[in-house]
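Scroll down for the structure; my scribbles are underneath it.
The values are calculated or read from the model by the stated rules, or taken from the named source; none is laboratory data. Owing to the predicted nature of the structure, the values given are computational and were not obtained by experimental measurement. In this analysis, Cβ positions are derived from the backbone assuming ideal geometry, glycine residues included, and neighbour counts consider all displayed protein chains. The area values use the complete protein model at the heavy-atom level, side chains included, leaving out ligands, DNA and RNA. Shrake-Rupley method; radii C 1.70, N 1.55, O 1.52, S 1.80 Å.
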Amino acid sequence: MTDITELIDIENGRLSGKIFYDQEIYEQELEKVWKRAWCMLAHDSMIPKRGDYLQTYIGEDPIMVVRQKDGSVRAFLNQCRHRGMRICRADKGTAKAFTCSFHGWAYDLAGDLIQVPRQNTAYPETFERGDFGAVKVPRIQYYKGFWFGTWDKDAPDFEDYLGSAKYYLDGYIDRWDGGMEQVAFHRWVLPNNWKFMAEQPTSDMQHSEITHISAATVLNKGSDAADRTLRGNDPVGRQFFADFGHGGAWYGEKGAEVPNTGQAMQAYEAQPEIAEMIARRLGDDREVRGHLNIWPTFMLLGNYTIRVTHPRGPHEQEVWAWTFVPKDAPEEIKDSIRRDVLRTFTPAGMFEADDALNWEEMQHILKGKVARETGYLYQMVGAPIQWDEGCYPGGSSAHVFSDNAAINMYANYLDMMTSDSWEELMEKRAQHRMGLPTTPAAVQA
Ligand code: FES
Ligand SMILES: [Fe+2]
């Protein structure tokens, strides 16, 4: 097995390209990361009625998420226990039961096997349907409209897994009395390793002023804040990171005018009664925008595109991106948000195309043996790390540009990849103060 500790040097902010390329490491990730982490499965608005279902993935494993008759939600592996075909081949829909299209085994909404053709005449009496229900996702958790699941019975409770990232996540998903709903969905495949994208909302805001300068200039035309931020010397903002690899960053301090392509959403939020509602729900102090990633790949971007990526081998990932809107917003606001996301963070979106080009190139370059061994650098300090500073829980830096959250993400990744159990992982994380006490940034702090 590859010794991954040779490939990740947290103290000096260095990574080997191999972690984005090697098949063996990828197999290890499926076992140590994806079978262990909490992953987003669905939002209430995607399966509102009893019998509603959708297919998703945890890593490469196909998962059915189904609204039960009593309103609860269950999740199970979309793999027939007979010969391994998909139990359900539709992406989503409404059903009373699911019948495998290969030999006709049928499962109920909970994934239990309810019918086997020719059971009475062709199978032995000892055959028990109860032994062959679909493999259940053993733990699922509801959190503010979203359903999450993990394969690992020993994983910490979901809110403990979020840790201080809960405060920032709530800033996105708990703003409105009426909740949120998804109004659009896009999915596409990119030819690059899944960690390149995960890293970006976690930490890398600095690429914006180079990679996205053309798009940002067009999209934010006429905004003084955009001019100041994108062409200023030292943009203000903050980056934070939390326990199990989560992170995020945003431009601007409290009350500052910040560029955000979601102008319709901003105008909506600025209305006095809406602003008052948000302040009542989240408190006056909370100013969170920009991007956020809940490890491994539950991403929330500034204009309410929310996405999950599914790994597809070391060289490919599938992106599933939804547009969310406040459920109670007027139709024209919802439509305006939808069009804004379409312009920015969909396959045809300007920011998306900018980013995809970088990731594709990086992955392509890793084919080179020397290139793979050269390594990547993560030493941007931004500002000293502070813990639980002011109204910002967790580790944070009072600067929007920093590699600290990325290093924290890879420190967590390293701990996951080298631990055989959650117990061992928790010990390692605790030693690292759930963060990165020995990075160059921390030493300077
Ligand atoms: S594989 Fe599903 S019924 Fe045979
Ligand atoms: Fe980007």
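Determine the equivalent ellipsoid of the chain by diagonalising the alpha-carbon gyration tensor, then write out the semi-axes as square roots of 5 times the eigenvalues, largest first, rounded to whole Å. Show your work: numbers first, answer last.
On the way: eigenvalues 275, 151, 82 Å².
So the three semi-axes of the chain are 37, 27, 20 Å.
Arrange the peptides 422-429, 37-44 so that the one whose residues have, on average, the most other Cβ atoms within 10 Å appears first.
Values: 422-429: 16.8, 37-44: 23.6.
For the peptides 422-429, 37-44, the packing ranking is 37-44, 422-429.
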Gaussian network model of the chain, springs between alpha carbon atoms under 10 Å - residue of T94, T309, T297 with greatest fluctuation: T94
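Would you please classify the overall shape of region 1-101 from the alpha carbon gyration tensor, given that a ≥ b ≥ c denote the square roots of the eigenvalues, rounded means a/c under 1.5, and beyond that prolate means a/b larger than b/c while oblate covers the rest? List each step's numbers first, then the result.
Numbers: a/c = 3.84, a/b = 2.21, b/c = 1.74.
It is prolate, given that a/c is not under 1.5 and a/b is the larger ratio.
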Estimated 222 nm signal from helices in the chain, with DSSP H stretches of n ≥ 4 weighted -39500 (n - 2.57), rounded to 500: -8500 deg cm²/dmol
Radius 14 Å from Cβ of E159, net charge of other residues (Lys, Arg +1; Asp, Glu -1): -2
Mean projection area, nm², convex hull over Cα of region 139-219: 8.3 nm²
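Accessible area of the chain with a 1.4 Å probe: how many percent of it is carbon plus sulfur? Show your work: numbers first, answer last.
Working: 9210 of 19030 Å².
Ligands and nucleic acids excluded, carbon and sulfur reach 48 percent.
Can you tell me the order of 118-131, 312-325, 370-383 when each peptide is scored by its average per-residue count of other Cβ atoms within 10 angstrom, highest first? Please list the in-between numbers first.
Details: 118-131: 9.4, 312-325: 20.3, 370-383: 15.5.
Taking the mean over residues of other Cβ atoms within 10 Å, the ranking is 312-325, 370-383, 118-131.
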Straight-distance crosslink candidates among lysines, where the alpha carbon sits under 18 Å from K327 and sequence neighbours closer than 8 are dropped: K49, K144
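To one decimal place, what Kirkwood hydrodynamic radius in Å is obtained for region 300-436 from all pairs of distinct Cα atoms? Could you put the intermediate results ahead of the total?
Numbers: mean 1/r = 0.0542 Å⁻¹.
When all Cα pairs of region 300-436 are included, the Kirkwood radius is 18.5 Å.
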5 angstrom amide H check on V400, placed H, neighbours 5+ away: G237, R238
